[in-house]
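Below is one structure, written out as structure tokens; comments come after it.
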């Protein structure tokens, strides 16, 4: 048996595609039982447990020890879980889960690293003051040092490890965020002459919706045939583009299963972010989803490994100081089909079976 351990992660689109779906895939390639063990907050514990078990009926969902500052106390519950199941390997998502698993020091641990955690805490204070930057740095450093193997979502993340933590080993595999194994492609279409840009994601500070508005305002003033679809729960009250062009800015918030169909009706996917270390090492799930919908991608410079990917594969626009977005052209059905084909080469899990086997020591 193997265990996939998550700590303080919650069900949603990312959890479904990067935890639940990965567990399913690992069970397939290993042909062995893999148990998802999830530690979640006692607040809303029962509703969260129900949401996770609806997707994975065998998952063990446990309440975290009260108080995020007491997170290390969860090692006692984890120790009990491991004693009862006696796994031979643990895949731990993030530095907290990895630290807890490695602390017990009974089985090898794979550090499933989703980003540059120390930099994210410094740049965006995602803990709301619960931890200092130095604490997070130490936790991330320990997780990387004590793990037997590691998954990095980009080569840029590995370079971050080398520069910030003096990582000199080769115990990692690079596996970007991939599509769900049950992802359904929509038929590529190009129905009219109007150009539709889409932003799908959250309104977190690293997404920088205000910059999207700033960059598109002159484009909307110059081009009447360009519109924007925001796939967010709510359009921010200060989103200037919607104020000035309400008829050309639409908002959609739909079930996850409906997202591919809406994306396929657009031409360009927006993936422009600030020049932060968090973004420099990132592997946004939306990158693969945009490509799978046949969209050309408007992307900022140095976003993970993917700005270079866009240039190399001619599948979008890398935004620089001299880029003129008013030159955007309609994307044909044939071009959409070509872009969609890229995902089948680079962003499906089967293409990374050897990398998974390496970090799982299979």
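The values are calculated or read from the model by the stated rules, or taken from the named source; none is laboratory data. In this text, all values refer to a predicted model and were calculated from it rather than measured experimentally. Using ideal geometry, Cβ is built from the backbone for each residue, glycine included, and neighbour counts are taken over all protein chains shown.
Suppose the filter is closer than 30 Å to residue 200 by Cα and assigned to a helix (DSSP H, G or I); does residue 10 pass it?
No; evaluated as a whole, the condition is false for this residue.
Confirm whether residue 303 is crowded, with 23+ Cβ neighbours inside 10 Å, in contact (Cβ under 8 Å) with a residue 12 or more places away in the chain, touching a helix residue (DSSP H, G or I) at 6+ places or on another chain (Cβ under 7 Å) and not in a loop (DSSP other than H, G, I, E, B).
no
Report whether or not residue 347 is under 24 Å from residue 154 (Cα atoms) and touching a residue at least 24 places away in the same chain (Cβ under 8 Å).
Yes, satisfied.
Checking the conditions here, which among 190, 186, 213 is in a helix (DSSP H, G or I) and modelled with pLDDT under 95?
From the options 190, 186, 213, the qualifying one is 213.
Can you tell me which residues in segment 235-251 are surrounded by 10 or more Cβ atoms within 10 Å (Cβ to Cβ), modelled with pLDDT of 90 or more and assigned to a loop (DSSP other than H, G, I, E, B)?
Result: 245, 246, 248.
Given the criterion on the phi < 0 side of the Ramachandran plot, loosely packed, with under 15 Cβ neighbours inside 10 Å and assigned to a helix (DSSP H, G or I), identify the matching residue among 47, 17.
Going through 47, 17 in turn, the sole match is 47.
For every residue, the table says whether it meets (1) free of Cβ contacts under 8 Å to residues at least 24 places away in the same chain; (2) out of contact with any strand residue (DSSP E or B) (no Cβ under 8 Å at 6 or more places or on another chain).
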position: 215; (1), (2): no, no
position: 220; (1), (2): no, no
position: 226; (1), (2): no, no
position: 240; (1), (2): no, yes
position: 254; (1), (2): yes, no
position: 261; (1), (2): no, yes
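Can you work out which of the residues in segment 152-173 that are touching a residue at least 24 places away in the same chain (Cβ under 8 Å) and assigned to a loop (DSSP other than H, G, I, E, B) is surrounded by the fewest Cβ atoms within 10 Å (Cβ to Cβ)?
Ranking the qualifying residues of segment 152-173, first place goes to 171.
Only one of 189, 149, 132 is assigned by TED's automatic domain parsing to the domain that holds residue 112, surrounded by fewer than 20 Cβ atoms within 10 Å (Cβ to Cβ) and in contact with a helix residue (DSSP H, G or I) (Cβ under 8 Å, 6 or more places away or on another chain); which?
After ruling out the rest, the residue left standing is 149.
Kindly evaluate residue 271 against the criterion of being more than 15 Å from residue 201 (Cα to Cα) and either exposed (fewer than 15 other Cβ atoms within 10 Å of the Cβ) or in the same structural domain as residue 215 (by TED's automatic domain parsing) (or both).
no
Is it the case that segment 36-44 has a residue that's at pLDDT 90 or above and part of a helix (DSSP H, G or I)?
The answer is no; no qualifying residue exists.
If I go through segment 289-325 residue by residue, how many of them are closer than 25 Å to residue 194 by Cα and either in contact with a strand residue (DSSP E or B) (Cβ under 8 Å, 6 or more places away or on another chain) or not assigned by TED's automatic domain parsing to the domain that holds residue 199 (or both)?
Qualifying residue count for the region: 19.
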